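In what follows, a single structure is set out as structure tokens and then discussed.
The values are calculated or read from the model by the stated rules, or taken from the named source; none is laboratory data. Computed from a predicted model, the values in this text were never measured in an experiment. Reconstructed Cβ throughout: ideal geometry from the backbone, glycine too, with neighbour counts over all protein chains shown. The protein model used for the area step is the full one, side chains on, heavy atoms only, and it has no ligands, DNA or RNA in it. Shrake-Rupley method; radii C 1.70, N 1.55, O 1.52, S 1.80 Å.
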Amino acid sequence: MKRWLGKAVEGFRRFANAEMPATPAGAGRPPKVGVALGGGFARGIAHLGVLRKLAEQNIPIDCIAGTSAGALAGMAFASGLPFDRIVREAAAIRFGNFGQWRFSRMGLASNLRLEAYPREHLGVSTFEDLKIPLSIVATDLISGEAVYFTKGSLGPPLRASCAYPGLFQPVAYENHLLVDGFLAAGTPVEGVRAMGAEVVIAVFLEAESLERPHHVVDVIGRSFSIVRLQADLGWRAKSDVVIVPHVREFAWDDFAKTSKLVAAGEEAALAAIPQIAAKLRSFAGDPWPVEQSAK
């Protein structure tokens, strides 16, 4: 009897200490979703349509990373302001809101005015004021590396992320000399990965149609568009879903066409919903509730 009892106790111990079968990563819980927004001047307004449609379709937006116009659009959406208000602010943007022609050896203009934009137009001053965590990316002009900002004041990182080389003067901030983030992270998927995103939705904005340039801004913009087309698009491999709004027909300063740009973003996001939902289902192991309406 004693020997039998001893064997039973030992068997129970082995059972209790045995490793449980591995649970698939993410099973039983929703994944953390990050949205990476590329640059594109006025075409960046399309990002607003993408973000709104994702939210309407029950796709969680747990964090956002933005480059240049993507940083501004992401910040506006993360501010928590009503969407109609955000769209009105976007439609009202003109070059004078953020740029002043000040010719120097480092650029044709200054975008110092952009530092005040978050506070004056969106009612937010710091990253901590935002309702959704945000990462803003700029490029260190000396090292050539991407620099990600996630805390503190919003103004200087936004200004640096939008400092288009040749057009705007570089921005000195936190021991960096910074220019537009698109040089080092055109679509900043690594920004949301660093914030813990497990599913990354990247939004890439097409360059404008290749027509004959009319002035120096067109020349600079076209030159960088060509470079971007030839660049290694390694960020695609790091993305789970890529959304590409059809915005080629819009010029860099078409802010007055805000409603059409928002619609282009919504249309592209809606088309990607089945792919996004499938990715979320594969992660969580459960059906993902999405709206079926195309409104």
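From the list Ala268, Ala256, exactly one residue is modelled with pLDDT of 95 or more and either within 27 Å of Glu89 (Cα to Cα) or touching a Ser or Thr at 6+ places or on another chain (Cβ under 6 Å) (or both). Which is it?
Working: Ala256 fails: modelled with pLDDT of 95 or more.
Going through Ala268, Ala256 in turn, the sole match is Ala268.
None of Ser135, Ser125, Ser104, Ser110 is under 20 Å from Val35 (Cβ atoms), touching a strand residue (DSSP E or B) at 6+ places or on another chain (Cβ under 9 Å) and not acidic (Asp, Glu) except Ser135.
In the set (1) over 20 Å from Val242 (Cα atoms); (2) out of contact with any His (no Cβ under 7 Å at 6 or more places or on another chain); (3) part of a helix (DSSP H, G or I), Ala46 fails one condition alone, (1). When residues in segment 242-253 are screened for being more than 17 Å from Ala55 (Cβ to Cβ) and touching an Asp or Glu at 6+ places or on another chain (Cβ under 9 Å), 8 of them pass. The condition (being modelled with pLDDT of 95 or more and assigned to a helix (DSSP H, G or I)) is satisfied by just one residue among Val192, Val137: Val192.
Considering every residue within segment 154-162, establish whether at least one is within 28 Å of Val241 (Cα to Cα), of a type in the set (S, T, N, Q) and surrounded by 20 or more Cβ atoms within 10 Å (Cβ to Cβ). Yes, segment 154-162 has at least one match. Yes or no: segment 124-147 includes at least one residue that is closer than 28 Å to Ile61 by Cα, among the charged types (D, E, K, R) and in contact with a Ser or Thr (Cβ under 6 Å, 6 or more places away or on another chain). Taking every residue of segment 124-147 in turn, none turns out to be closer than 28 Å to Ile61 by Cα, among the charged types (D, E, K, R) and in contact with a Ser or Thr (Cβ under 6 Å, 6 or more places away or on another chain). Selection over segment 263-277 of residues that are open to solvent by less than 10 Å² (accessible area, probe 1.4 Å) and farther than 20 Å from Val199 by Cα gives a count of 0.
Residues are listed down the side, and each one gets a yes or a no for (1) out of contact with any helix residue (DSSP H, G or I) (no Cβ under 6 Å at 6 or more places or on another chain); (2) over 28 Å from Arg193 (Cβ atoms); (3) among the β-branched types (Val, Ile, Thr); (4) in a loop (DSSP other than H, G, I, E, B):
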{"residue": "Ala90", "(1), (2), (3), (4)": "no, no, no, no"}
{"residue": "Ala109", "(1), (2), (3), (4)": "yes, yes, no, no"}
{"residue": "Arg119", "(1), (2), (3), (4)": "yes, yes, no, no"}
{"residue": "Val147", "(1), (2), (3), (4)": "yes, no, yes, no"}
{"residue": "Ala160", "(1), (2), (3), (4)": "yes, no, no, no"}
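Cβ-Cβ contacts under 7 Å between residues 6 or more apart (or on different chains), taken from a first residue in segment 160-189 that is on the phi > 0 side of the Ramachandran plot to a second residue that is outside any strand (DSSP E or B) and open to solvent by 20 Å² or more (accessible area, probe 1.4 Å), are listed as Gly166/Ile220.
Within segment 52-85, the set of residues being buried (at least 24 other Cβ atoms within 10 Å of the Cβ) and free of Cβ contacts under 8 Å to residues at least 40 places away in the same chain comprises just one member, Ala73. Looking across segment 123-145, the residues that are under 20 Å from Asn175 (Cβ atoms) and either in contact with a Pro (Cβ under 9 Å, 6 or more places away or on another chain) or of a type in the set (Gly, Ala, Ser) (or both) come down to Thr126, Phe127, Ser135, Ile136, Val137, Ala138, Thr139, Leu141, Ser143, Gly144. Checked against (1) open to solvent by less than 50 Å² (accessible area, probe 1.4 Å); (2) out of contact with any Lys or Arg (no Cβ under 6 Å at 6 or more places or on another chain); (3) more than 22 Å from Ala46 (Cβ to Cβ); (4) touching a residue at least 24 places away in the same chain (Cβ under 8 Å), Phe95 passes all but a single condition, namely (3).
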